[in-house]
Amino acid sequence: MPFFVHLIFAKFFIMKNIIIVIIFLLQFVGVMAQNSTENFDSNYREDQFYFGLTYNSFTNTPENFNQTGFSPGLKVGFIRDFPINLQRDIAIGIGLGYAFNSYSGNIKISTTSSDVYNYEIVSNNSFQKNRFSHQSIEIPIEFRWRTSTAETYKFWRVYAGFKASYIFASSYVYQNEEVSAQLKNIDLNNWQYGLTLSLGYNNWNGFVYYGLNPVFNDAAINQNSLDTKSFKIGLMFYFL
């Protein structure tokens, strides 16, 4: 009988110690989890405003095309940052902004009385001005990686994404010694979309945009489709 009593007390002692160890481990894990959560600001977001300057050019250009003069672009907007990991250094960004873009080259645009647009390649020496510009609302979507924290203000970033733009106003200017012509709301593809990449350190970030659809709407030169697409390279600045 004493043997069974000792056995019962031994089992009770073992179970008691096991329970104490389990309780200790649970408390330790809870403290570690709390400390881990406290190390990261659950409200921290990054790079919510942007401002960019670009040099605009083309891909898929027609034969004998030449870009003339400086073709600038400007963009400004807001991107909502949605971190997707605990450290909040990986995120999805979805935004809304305004952009102005200008292009200079030797593609001359004219219209007939029936509002049909004609396109032709002209000599660089035949004009003083030959450019078109447009204003658009843009919708950037970015996959974002950075080395930032809530306390770090200088860090590396790589933001790759997709951007759609809706052109709401456009104009064209052609001028030489004899003729000066202006057109409003020229026949561009209202929706422009392409791939984007921003990368850099601190305030200075390189930016590239590669257009995926033609700039002009159903255009042709000498019965050859004008599938010219936009290509932009420049600088992007992000702010909280």
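At-a-glance table
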{"read-out": "Qualifying residue in segment 118-139 (condition: over 14 Å from I186 (Cβ atoms), within 21 Å of the chain's Cα centre (by Cα) and surrounded by 15 or more Cβ atoms within 10 Å (Cβ to Cβ))", "value": "yes"}
{"read-out": "Considering residues of segment 145-160 that are in a loop (DSSP other than H, G, I, E, B) and aromatic (F, W, Y) only, the residue surrounded by the fewest Cβ atoms within 10 Å (Cβ to Cβ)", "value": "Y153"}
{"read-out": "Residue within segment 230-237 that is at pLDDT 95 or above, among the polar types (S, T, N, Q) and assigned by TED's automatic domain parsing to the domain that holds A99 present", "value": "yes"}
{"read-out": "Residues of segment 194-240 satisfying the condition of being in contact (Cβ under 8 Å) with a residue 40 or more places away in the chain, in contact with a Leu (Cβ under 8 Å, 6 or more places away or on another chain) and surrounded by fewer than 17 Cβ atoms within 10 Å (Cβ to Cβ)", "value": "Y210, A220, L235"}
{"read-out": "Sole residue being in contact with a strand residue (DSSP E or B) (Cβ under 6 Å, 6 or more places away or on another chain) and surrounded by 14 or more Cβ atoms within 10 Å (Cβ to Cβ), chosen from K163, K184", "value": "K163"}
{"read-out": "Residues of segment 193-229 that turn out to be at pLDDT below 90 and assigned to a loop (DSSP other than H, G, I, E, B), as a count", "value": "5"}
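The values are calculated or read from the model by the stated rules, or taken from the named source; none is laboratory data. Just so we're clear, the structure is a prediction, and the values are computed from it rather than from any experiment. Counting neighbours? That spans all protein chains shown, and the Cβs are built from the backbone with ideal geometry, glycine included.
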